[in-house]
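One structure is given below, encoded as structure tokens.
The values are calculated or read from the model by the stated rules, or taken from the named source; none is laboratory data. A quick note: this is a predicted structure, and the numbers were derived from the prediction, not measured. Heads up, the Cβs are rebuilt from the backbone with ideal geometry, glycines too, and the neighbour counts pull from every protein chain shown.
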Amino acid sequence: METRLMRARCFTGLVAALALLTGGPALADGRCDLNGLVGYQILFAKPIDSYIQGGVRTKGYKGCEPDRVLVFTDRSGVRCKELARQTAENLPTGYLFARDNLGDLKLCVDGLLMDVSTTN
């Protein structure tokens, strides 16, 4: 049994070393560079259903604009803090990352990392 544990540890270490040697960025399914998210925790991955801007809810996804609320399929949402032009044919998946007890939130959508906040 100890031999199997040692082999598993060696294999895991080898995989990590090979990943470092390739020199490429670590990417999530959303294609965001995870190197900029060290210290963050992933909270969830959910499809984005629509957005609310100026009191009007619109089906689909068209990136972020300050104060735009992105609504996920479970009706939860996040508020955009910056401009990020992006469109998607289908409902893209948003990957939400947090640190500092939810004081610092980042959303990854199709390779684009954006600053967001809670919706209050």
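If you scan the stretch 45-60, which residues turn out to be in a strand (DSSP E or B) and either β-branched (Val, Ile, Thr) or surrounded by fewer than 13 Cβ atoms within 10 Å (Cβ to Cβ) (or both)?
The first filter runs over the stretch 45-60 and keeps only residues in a strand (DSSP E or B), leaving 45-53, 56-59.
Matches in the stretch 45-60: Ile48, Ile52, Val56, Arg57, Thr58, Lys59.
Restricting attention to the stretch 29-44, which residues are surrounded by 16 or more Cβ atoms within 10 Å (Cβ to Cβ) and under 18 Å from Asp110 (Cα atoms)? Steps first, answer last, please.
Step one: filter the stretch 29-44 for residues surrounded by 16 or more Cβ atoms within 10 Å (Cβ to Cβ), giving 30, 32, 34, 37, 40.
Those that are surrounded by 16 or more Cβ atoms within 10 Å (Cβ to Cβ) and under 18 Å from Asp110 (Cα atoms): Gly30, Cys32, Leu34, Leu37.
Just for the stretch 61-111: of the residues that are in a strand (DSSP E or B) and among the small types (Gly, Ala, Ser), which one is nearest to Pro47 (Cα to Cα)? Spell out how you get there, then give the answer.
Looking only at the stretch 61-111, we keep the residues that are in a strand (DSSP E or B), and these are 64, 69-72, 77-80, 84, 93-99, 104-109.
Next, from what is left, pick out any that are among the small types (Gly, Ala, Ser): 77, 84, 94, 98.
Numbers: Gly77: 11, Ala84: 18, Gly94: 6, Ala98: 18 Å.
Checked the stretch 61-111; the qualifying residue nearest to Pro47 (Cα to Cα) is Gly94.
Identify, by number, the condition in (1) in contact with a Pro (Cβ under 7 Å, 6 or more places away or on another chain); (2) surrounded by 12 or more Cβ atoms within 10 Å (Cβ to Cβ) that Val71 doesn't meet.
For Val71, the exception is condition (1).
Among the residues of the stretch 55-65, is there at least one that is of a type in the set (Phe, Trp, Tyr) and at pLDDT below 95?
First pass over the stretch 55-65, keeping only residues of a type in the set (Phe, Trp, Tyr): 61.
Next, from what is left, pick out any that are at pLDDT below 95: 61.
Yes, the stretch 55-65 contains a residue that is of a type in the set (Phe, Trp, Tyr) and at pLDDT below 95.
Looking only at the stretch 66-86, filter to residues that are over 17 Å from Ser117 (Cα atoms) and modelled with pLDDT under 95; which one of those is farthest from the chain's Cα centre (by Cα)?
That would be Arg85.
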